[in-house]
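Undergrad: One structure, pasted below without further comment.
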Amino acid sequence: MAISTRFSVAVHILTLIDMNQERSITSDFIAASVNTNPVVIRRIMSKLKKAGLIHSSPGVSGTYLLKEASEITLYDIYAAVDGTEQLFDIHKNPNPNCEVGANIQVTLDTVFNHAQQQMEADLKQTNLSQITANIKQKATN
């Protein structure tokens, strides 16, 4: 099972918005950059809008960030599109009469929770303006 791509697409969307502040961009423009259907973009943008990260309205009237890019962390974006979903799922109903089966869930739960907390802490250390700056730097090299 792969982790959803919603998060990376959301970062892509917000980076495009940040890099195109001087012009109005549409979901069709964003979809072309992501190389996906505009409906997928609109669904993710709806989550970003609901989280208070962007303003968007139909047509070319404009999509823009509601906060400075430096104030939007990758965790904010992750939380907006993936909410409180756990990264790891533990299989259900292992055999309670087996030493491993009886203890695997609680053991993995501890490890998986720690990994998720670490990932979330790392995402809080990077903001959208850093992503934008990194892309601009790579584009000029």
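Undergrad: Counting only C-alpha contacts under 8 Å and six or more residues apart, can you give the relative contact order of the chain as a whole percent?
TA: Values: 137 pairs, mean separation 38.2, N = 141.
Across the chain, relative contact order equals 27 percent.
Undergrad: Would you list the membrane-span-like helices of the chain, meaning whole DSSP H runs whose alpha-carbon atoms span at least 27 Å along their axis and whose mean Kyte-Doolittle value is at least -1.0?
TA: Span-like helices here: 99-123.
Undergrad: Students often forget the sequence filter, so: which lysines lie under 16 Å Cα-Cα from Lys47 once same-chain residues fewer than 8 apart are removed?
TA: The reachable lysines, counting only those whose Cα sits under 16 Å from Lys47, are Lys67.
Undergrad: Roughly how many percent of the accessible protein surface of the range 64-141 is carbon and sulfur, given a 1.4 Å probe and a whole-percent answer?
TA: Numbers: 2730 of 5380 Å².
Carbon and sulfur together cover 51 percent of it.
Undergrad: So, one more: Please give me the summed charge of the neighbours of Ile25: other residues whose Cβ is under 15 Å from its Cβ, Lys and Arg +1, Asp and Glu -1.
TA: Values: positive: Arg23, Arg42, Lys49; negative: Asp18, Glu22, Asp28.
So the environment of Ile25 carries a net charge of 0.
Undergrad: Quick check on the range 1-85: take the gyration tensor over C-alpha atoms, sort the square-rooted eigenvalues as a ≥ b ≥ c, and tell me if it's rounded (a/c under 1.5), prolate or oblate. Spell out each step's value before the answer.
TA: Values: a/c = 1.74, a/b = 1.23, b/c = 1.42.
Oblate, since a/c reaches 1.5 and b/c is not below a/b.
Undergrad: Do any of Lys49/Lys124; Lys92/Lys124; Lys50/Lys92 go past 28 Å between their Cα atoms, and which?
TA: Those over the limit are Lys92/Lys124; Lys50/Lys92.
Undergrad: Take the Cβ-Cβ distance between His114 and Asp82 as r, set R0 to 25 Å, and report the resulting FRET efficiency rounded to the nearest 0.05. Provide the component values of the computation, followed by the final result.
TA: Values: r = 18 Å, r/R0 = 0.73.
Approximately 0.85, to the nearest 0.05.
Undergrad: Around Tyr75, with a cut-off of 10 angstrom between Cβ atoms, what is the net charge of the other residues, counting Lys and Arg +1 and Asp and Glu -1?
TA: Net charge in that neighbourhood comes out at -2.
Undergrad: Let me ask you something else. Once amide H atoms are built 1.01 Å from N in the peptide plane, which residues 5 or more positions from Thr63, or in another chain, come under 5 Å H to H?
TA: Ile25
Undergrad: Let me ask something else. Keeping every protein chain present and rolling a 1.4 Å probe, give me the accessible area per residue for the chain in Å².
TA: Computed with neighbouring chains in place, this is 63 Å² per residue.
The values are calculated or read from the model by the stated rules, or taken from the named source; none is laboratory data. Please read these numbers as outputs of a predicted model, since none were measured by experiment. For neighbour counting, all protein chains shown are included, and Cβ atoms are generated from backbone atoms with ideal geometry for every residue, glycine included. SASA here: full protein model, heavy atoms, side chains in, ligands and nucleic acids out. Shrake-Rupley method; radii C 1.70, N 1.55, O 1.52, S 1.80 Å.
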